[in-house]
1. Past the 25 Å Cα-Cα mark, which pairs from 86/106; 48/106; 106/398; 273/330; 106/273?
2. What shape does the range 105-228 take by its C-alpha gyration tensor, where a ≥ b ≥ c are the square roots of the eigenvalues and a/c under 1.5 counts as rounded, a/b above b/c as prolate, and the rest as oblate?
3. Under 5 Å between amide hydrogens, which residues at least 5 positions from residue 468 or on another chain qualify, with H placed 1.01 Å from N in the peptide plane?
4. Using θ = phi - 60° and the Karplus relation 6.51 cos²θ - 1.76 cosθ + 1.60, list the HN-Hα couplings for the range 457-469 in order, rounded to whole Hz, with x at every Gly or Pro.
5. Given R₀ = 45 Å, FRET efficiency for residue 350-residue 255 by Cβ-Cβ distance, to 0.05?
6. Can you work out ³J(HN,Hα) from phi for every residue in the range 88-99, in order, using Karplus 6.51 cos²θ - 1.76 cosθ + 1.60 and θ = phi - 60°, giving whole Hz and x for Gly and Pro?
7. Residue 295 accessible area, nearest 10 Å², 1.4 Å probe?
8. What accessible area, in Å² to the nearest ten, does a 1.4 Å probe give for residue 296?
Amino acid sequence: MDDPTSEDETQVLVVGDRPPSSSTFDDRRRGCLDILNQPFQWLRMLCKELNPSFVVGIVLVYGLGQGFAGSFFRVVSDYYWKDVQKLQPSAVQMFMGFYYIPWIMKPIWGLLTDVFPMYGYRRRPYFIISGMVGTVAALVLATHGGLTVAAALVCMVGITGAMAVADVTIDACVAANSVEKPALAADMQSLCMFSSSAGALAGYSSSGLLVRLLGAQGALGVIALAASVWIGLGFLIYEARPVRHREKAKVMEKVRGALKGMARTIKRGRVWKPSLYIYLSLALSISTHEGQFYWYTDPKAGPAFSQEFVGMIYAIGALASIAGVLIYHKLLKDYPFRTLLFSAQLVYGLSGMLDLVFVLRWNLRLGLPDSFFVVFEQCTSHIVSKIRWMPMMVLSAKLCPPGIEGMFFALLMCIDSLGGLSAKFGGGLALHWFHVTRTDFRNLWLVVLVRNLLRIATLGLVFLVPMSDPSDVLLPSDLLVKAEKEDSTDEEGLQLTQTKGREAMHVQPELHEI
């Protein structure tokens, strides 16, 4: 007869070889690895569905250009105008409006990239040109002391112009892919915004330290290094085959056809209504950035933040922007445009009141130190701003008809830039009218209050945005078919997507009709 205790002991030994918690631990470890691996799987999916050179181009243009160079330029140029040129905040706010001129001209850059190839190439030469212009402009600012205000402004505009040309070149590809593969439109914008936010994090993190070490003027030379990478991108990016040289008459005919297509598209209510909303939502949110920047660094009226801390503030804001992109990508990208934009605009207006609390120093009455409160305010505003901006970018990309994607997306981005220009000029006038100067900030809170009220008032315009989902095809089928026929004799030189996506486009407009 067997001893029952031996069987129990055997069971205990077997169980003891592998504790009950080990499987749970392995599951948790696999879960963590899956989470860490998700971004790489997502990138592999985009490279498979699109072209790897397209993904690399987004990272370099949005990440290194708009992200790193743009954020670095923002901080360093503020210190340049304040410490080197010694201008008033209202004047700097107005000058910043001129930065938008190259962005307003994006339809021209889009026209050039669409119908005026160089040496048979549509995209590659414009990356090279933008890199050269940005490098030269940054080097002139960094190496030539005693520049006049006008000369410095020309160089500043040259830097933003280089960014605009590189941006419109890659945007044409994003717009084309958004029409070819509408299901990936939100993913592409997520990649653009994530790259931009990650680059901005690096730019802001290093800006304050380099301003202290090199001075505001010397630090501008770093932008030349970033711009020079676009030159290399122009030589390395894959372009399937050169576009055939055309006769002048054929080129002009294509230009006229593209302009007619743009005019026909923008007249449609499905296009001009959301475009009008995007412009007004940006224009009515007047910019108070320069007034707040001067106040940040003022040793008497403001919190007297150091150069390094100002850079860290913006870096934390960039990190929060990445969080905003992830929140949109994971939770909000499938919501209807109107619903999401209404909610985002409401929170955007309410969160702006944190600036008012900070300027009035109510945070000190609540026992919250300046450093803690400004970090909280930056995180909140950047997350909300990114969630508000992302659906507008997806909406813009989905309004571009095939064949003229570069020109039309550039036109929509021109409208965005006009909104930004209006916001800068409006903010500059408000700072001037309320007498906010380098040393007098008594009425800064009134400017911030007016800005917040205008943001909330924008809620009354959300009816201009369609209720459509991001996966819907927004353009009428006749625009899609006509654009394809007009462009059927010319192929895209930069192969970015698989060609099988085009066959599906003919049935999608009817399936997703608004």
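1. On the way: 86/106 31 Å; 48/106 30 Å; 106/398 18 Å; 273/330 28 Å; 106/273 20 Å.
Pairs exceeding 25 Å: 86/106; 48/106; 273/330.
2. Working: a/c = 2.92, a/b = 1.52, b/c = 1.93.
Oblate, because a/c is 1.5 or more while a/b does not exceed b/c.
3. Those qualifying (amide H under 5 Å, at least 5 residues apart or on another chain) are 337, 338.
4. Each residue's phi maps through the Karplus curve to give 4, 5, 4, x, 10, 5, 4, 6, 8, x, 7, 5, 7 Hz.
5. Working: r = 46 Å, r/R0 = 1.03.
Efficiency computed from Cβ-Cβ geometry: 0.45.
6. 6, x, 5, 5, 5, 4, 5, 4, 4, x, 5, 4
7. The accessible area comes out at roughly 10 Å².
8. 10
The values are calculated or read from the model by the stated rules, or taken from the named source; none is laboratory data. Here the structure is a predicted model, which is why all the values come from computation and not from measurement. Every residue, glycine among them, receives a Cβ derived from its backbone with ideal geometry; neighbour counts consider all protein chains shown. For accessibility, only protein heavy atoms count, side chains too; no ligands or nucleic acids. Shrake-Rupley method; radii C 1.70, N 1.55, O 1.52, S 1.80 Å.
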